[in-house]
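First up is the structure itself, then whatever we jot down about it.
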Amino acid sequence: MDSQHWRAVITAAQAGDRRALDELVAGWLPLVYNIVGRALNGHADVDDVVQETMLRAVGHLGSLRDPDSFRSWLVAIAMRQIRDRARRKTPDRLEEAAASDFAELTVLRLQLEGQRREVAEAVRWLDDEDRQLLSLWWLEVAGELTRRELATAVGITRQHAAVRVQRMKERLETSRGIVRALDGACPGLRELTGRWDGRPDSVWRKRLARHIRGCGYCGGTREAVVPAERLLAGIALVPLPVGFTLSLAFGGKTAAAATAATSAGWSAKLLGALTKPAVAVTAGATIVAGGAYVVTQPPDAPPPRAAIAPTATATPEPPPSSAPPAPTTRSSPPATEKTDPYGTVVDAVDRAPDPDARPAALPRRPESGITSTGGPKAVMQHRGDRLTLTGRGYVLVRWQISPKSRPGALVMPSWTGLKGRLFHVASGGWRRMDDPLPGAPNGYATGMGGPDIGYAVLPPGTQQMWQNEYFYLDGTVTLTQNERGCDYGLTVFPSDRDAVVRDINEGPADGAIRYGLVRDTGTDSAPVPQYVTRSAPADPATVPQRSRV
């Protein structure tokens with residue numbers, strides 16, 4: 001930032017120039033947001049802490065004697081607010097979920113991949129104190145802060161800061177190793193994490209680090225590990241979310257805070273932005289979202305009948321033979337039910353098409369591309385693994401079930417926090433998971449298992465998945481792997497329509513069992529995925545077996 005320019009702006013704001021004050025707040029809000037967001041990892045208190053920081057900075061701007069020290073002064077205020085928030089935490093708030101995981105936000109908005117993504121995700125494994133220090137050190141190596149400003153903000157000497165940073169970096173490298181190992185396929189690690197709830201904490205960090213140190217598979221580095229500071233050097237600030245300033249409402253302190261702010265010289269333009277309430281949707285209302293009408297309702301209200309296709313009865317466990325489980329037909333909705341104005345729900349058993357039946361033409365939908373927090377190829381093998389998809393375009397979710405390891409009840413993945421629209425457009429990969437596998441040894445009869453080893457069992461009424469499932473997204477949504485009991489993995493690739501068409505039209509030659517299947521109607525009546533919700537539950541595995549959009 002141009003120090004001469006900001007010196008002039010700060011001096012003018014101190015003299016009561018409202019336009020300068022607007023520029024000052026707008027210019028430095030991203031820095032405060034990055035420090036607080038990373039220190040609290042996107043916790044719901046981020047907005048409040050950012051708001052309190054900016055309120056205090058503006059309210060005490062007249063006490064700042066040297067405009068050149070504004071940045072270190074502002075950062076010190078932010079760190080005090082972060083520590084005050086930590087002291088105010090009560091036991092019943094310790095397990096509150098993050099409003100939006102800042103690690104994911106960093107990966108998504110800065111489009112980080114490879115080891116840069118690994119560093120961002122490793123932040124989740126740090127303790128609060130380390131994460132607070134890292135929020136400053138990250139900005140130091142990115143060129144946004146100096147070491148002197150870091151030390152001043154923490155309230156220690158530069159020599160002590162050097163020691164603290166080194167210890168934090170060592171724990172960050174340990175956490176990077178954990179992220180790398182969890183992306184692998186170590187059987188011992190999979191067994192160790194069988195009872196893990198998917199939430200990073202210091203206890204599991206120590207357990208996993210101990211496993212990695214003694215494991216030849218996890219400890220073996222398959223690529224040169226680049227030091228974190230080299231990876232983070234020059235990285236820009238994470239941009240503010242769209243409409244972020246609208247969430248900085250004064251809440252119950254509106255009148256008093258507005259009065260104090262006005263006396264401190266806040267401009268009407270700035271006050272209008274900070275006091276404008278965020279848009280709220282009344283439960284039970286019908287709203288327009290992305291051109292489609294979406295029915296919302298209170299959690300305790302019964303779901304509208306029109307929103308759900310009838311769920312078929314449970315599929316019986318496959319008989320002890322080498323034949324694949326017998327398919328069942330999809331139930332037809334009663335004539336009295338209406339079609340949901342946004343999609344149908346695919347939570348119903350369907351029959352496999354004839355192997356030689358070519359798929360219908362796939363309708364064209366606009367696509368500008370999908371960004372995934374997991375990068376171009378994300379492998380999710382453990383319960384709690386998740387990624388966020390954003391944009392407009394196609395996504396491939398590839399299934400791999402491992403009944404040889406752990407057959408049994410299968411907990412399906414879930415789509416949560418949906419904003420916009422999400423459709424299930426096609427199925428491919430040359431086979432359904434219950435298709436027979438010719439020549440497989442030991443009675444391994446289908447992709448779901450076999451009589452010698454047991455079967456992976458779908459929840460009652462679940463539609464059978466194919467090897468490749470394709471979805472179309474216009475908005476943002478988080479996909480979570482809910483593996484527990486039956487062992488399975490998902491590989492997620494942002495894709496495009498041409499790739500979908502090629503996949504579903506290849507077969508049944510060259511070992512393929514059947515052509516693919518087009519599910520997209522080309523309209524908003526196309527099916528939506530199973531287990532999708534607009535809410536963001538703490539445990540995505542609890543999403544009801546019937547989708548809610």
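The values are calculated or read from the model by the stated rules, or taken from the named source; none is laboratory data. These numbers come from a predicted model, not from an experiment. Cβ: placed from backbone, ideal geometry, glycine included. Neighbour counts: every protein chain shown. These accessible areas exclude ligands, DNA and RNA; they are computed on the full protein's heavy atoms, side chains included. Shrake-Rupley method; radii C 1.70, N 1.55, O 1.52, S 1.80 Å.
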task = Go over the candidates F471, F423 one by one and state the one that is open to solvent by 10 Å² or more (accessible area, probe 1.4 Å) and aromatic (F, W, Y).
result = F471
task = Looking for whichever is buried (at least 21 other Cβ atoms within 10 Å of the Cβ), modelled with pLDDT of 85 or more and on the phi < 0 side of the Ramachandran plot here; the options are L105, L145. Which one fits?
result = L145
query = What about E170, is it within 16 Å of L126 (Cβ to Cβ), under 28 Å from the mean Cα position of the chain (by Cα) and without any contact (Cβ under 8 Å) to a residue 24 or more places away in the chain?
reply = yes
ask   = Would it be correct to say that R497 is touching a strand residue (DSSP E or B) at 6+ places or on another chain (Cβ under 9 Å), open to solvent by less than 40 Å² (accessible area, probe 1.4 Å) and at negative phi?
value = yes
query = Of all residues in the range 384-410 being open to solvent by less than 40 Å² (accessible area, probe 1.4 Å) and farther than 26 Å from L110 by Cβ, which is modelled with the lowest pLDDT?
reply = P403
Qualifying position, being open to solvent by 20 Å² or more (accessible area, probe 1.4 Å) and either touching a Gly at 6+ places or on another chain (Cβ under 6 Å) or part of a helix (DSSP H, G or I) (or both), among L55, L31 = L55
message = Condition first: under 22 Å from N505 (Cβ atoms), in a loop (DSSP other than H, G, I, E, B) and in contact with a His (Cβ under 6 Å, 6 or more places away or on another chain). Can you find one or more residues in the range 365-377 that meet it?
response = no
ask   = Regarding A181, is this residue closer than 19 Å to H43 by Cβ and free of Cβ contacts under 8 Å to residues at least 40 places away in the same chain?
value = no
ask   = Restricting the range 227-245 to residues that are surrounded by 15 or more Cβ atoms within 10 Å (Cβ to Cβ) and of a type in the set (A, V, I, L, M), which is modelled with the highest pLDDT?
value = A228
ask   = Hey, among G454, G450, G489, which residue is open to solvent by less than 40 Å² (accessible area, probe 1.4 Å), modelled with pLDDT under 95 and under 25 Å from G198 (Cα atoms)?
value = G489
ask   = From the list V203, V163, which residue is surrounded by fewer than 20 Cβ atoms within 10 Å (Cβ to Cβ), at pLDDT below 90 and among the β-branched types (V, I, T)?
value = V203
ask   = Would a scan of the range 172-179 turn up a residue that is farther than 24 Å from L479 by Cβ, in contact with a helix residue (DSSP H, G or I) (Cβ under 9 Å, 6 or more places away or on another chain) and outside any helix (DSSP H, G or I)?
value = no
